[in-house]
Structure formats: C-alpha cells, structure tokens
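Asks: What follows is a single structure, and I will ask about it in a moment.
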Amino acid sequence: METAILLTGLFLCLVTLWLLGRRDWVRLTRPRRRVTASVTGHRVTRDDATSYSAIYAFTDESGRHEVTDAVYEATPRPPVGTVCELVYPAGHPELARPPRPLLWLFVYVFCAGCAVAIIARMLGYFA
C-alpha cells in the first residue's frame with residue numbers, strides 16, 4: 001500500500017513538472033519582449049474568500065492587448081491606473097506577465113524536491 005501511495009505521489013510530481021515545463025517552454029526558448037502596461041481593472045473570484053487578479057492593457061507592434069495576471073491577491077493590487085512592466089515571449093503577447101523569476105523557480109524546485117524525496121523514500125534513505 002505504501003508503494004502505491006509513493007508511486008502516485010511521484011507520478012503527480014512528475015506530471016506537475018511536465019505541465020509547468022510545457023507551459024513555460026515557449027517562454028524559455030523565445031526572445032523576451034518587455035512592454036509597459038497599465039492596470040485597467042481586476043478579475044474577482046469568490047471561492048472561500050475573495051481574490052483579485054490584475055488586468056493589464058498594453059500596446060505593441062501587433063496592436064492592443066489585454067491580459068489577466070495568473071497570480072491572485074487578497075486585495076486588489078496593484079491599484080487601477082498603475083503602470084507596470086510585463087515580459088512575454090516574442091510573438092506571444094497573450095503570455096505577458098509581470099516578471100517573477102524567483103516565484104517560478106521556487107515552484108519548480110519545490111516540485112522537483114518532492115519528487116526527489118519520494119524517490120529517496122522508495123530507495124530506503126528515509127525511514
């Protein structure tokens with residue numbers, strides 16, 4: 001039973017890493033574009049608590065674009081009208097996001113660390 005649980009956990013860790021990597025592959029293999037965007041509003045979600053995600057608008061050589069941040073906050077931050085820098089892979093303005101390299105590095109390291117810990121447990125390094 002323990003082996004089945006560990007294998008399931010390892011599978012989930014590896015699938016998560018694959019899905020994250022697949023999503024970020026374009027970001028890692030294309031040149032980056034930087035644009036200045038302004039916050040035009042916030043997407044509101046109400047699950048257990050209310051969360052806010054900034055909506056950014058910017059213009060580049062292909063026209064005007066509007067993107068919603070993938071990170072939700074407990075308060076509507078940044079305020080409407082704030083000017084921010086966004087980064088996106090060349091040719092994909094729909095992927096524009098505020099640069100957060102440490103956040104995504106932490107997510108990748110956490111998932112990989114979980115996978116390594118599960119493998120170590122399966123090999124008997126942890127009791």
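No lab work stands behind these numbers, since they all come straight from the coordinates. Keep in mind that what you see is a predicted model, and the values were worked out from it rather than measured. Every residue, glycine as well, gets a Cβ built from its backbone with ideal geometry; the counts of neighbours run over all protein chains shown.
Asks: Rounded to the nearest 10 degrees, what's the angle between the helix 101-122 long axis and the longest principal axis of the chain, both from Cα atoms, 0 to 90?
Replies: The two axes meet at around 10 degrees.
Asks: In addition: Given R₀ = 25 Å, what would the calculated FRET efficiency be for residue 45 paired with residue 83, taking r from the Cβ atoms and rounding to 0.05?
Replies: Working: r = 25 Å, r/R0 = 0.98.
Given R0 = 25 Å and the Cβ-Cβ separation, E is 0.50.
Asks: Under a Cβ-Cβ cut-off of 10 Å, what is the net charge of the residues other than residue 33 that fall near it, where Lys and Arg count +1 and Asp and Glu count -1?
Replies: Within the 10 Å Cβ shell, the charges total +1.
Asks: I'd like the distance between the alpha-carbon centres of the stretch 6-37 and the stretch 66-83, rounded to an integer number of Å.
Replies: 22 Å
Asks: Would you mind checking the tilt of helix 2-29 against the longest principal axis of the Cα atoms of the chain, expressed as 0 to 90 degrees and rounded to 10?
Replies: For 2-29 against the chain, the angle is about 30 degrees.
Asks: Okay, next question. If the chain between residue 14 and residue 57 were fully stretched, how many nm would it gain, using 0.36 nm times the residue separation less the Cα-Cα distance?
Replies: The span from residue 14 to residue 57 would gain 12.0 nm if fully extended.
Asks: Another question, if that's okay. Expressed as cubic angstrom per residue, what is the convex hull volume of the alpha carbon set of the stretch 2-122?
Replies: Expressed per residue, the convex hull around the Cα atoms of the stretch 2-122 is 123 Å³.
Asks: Residues with beta-carbon under 13 Å from that of residue 65, excluding residue 65: net charge, scoring Lys, Arg +1 and Asp, Glu -1?
Replies: -1
Asks: Sticking with this structure for a sec: As a check on your grasp of the helix formula, calculate [θ] at 222 nm for the chain: sum -39500 (n - 2.57) over DSSP H runs of n ≥ 4, divide by the residue count, round to the nearest 500.
Replies: Numbers: 2 runs with 50 residues, N = 127.
Counting only the DSSP helices, I get -14000 deg cm²/dmol.
Asks: Can you pull the one-decimal nm distance between simple spin-label points at residue 35 and residue 5, each 7 Å off the Cα toward Cβ?
Replies: In this crude label model, residue 35 to residue 5 measures out at 4.8 nm.
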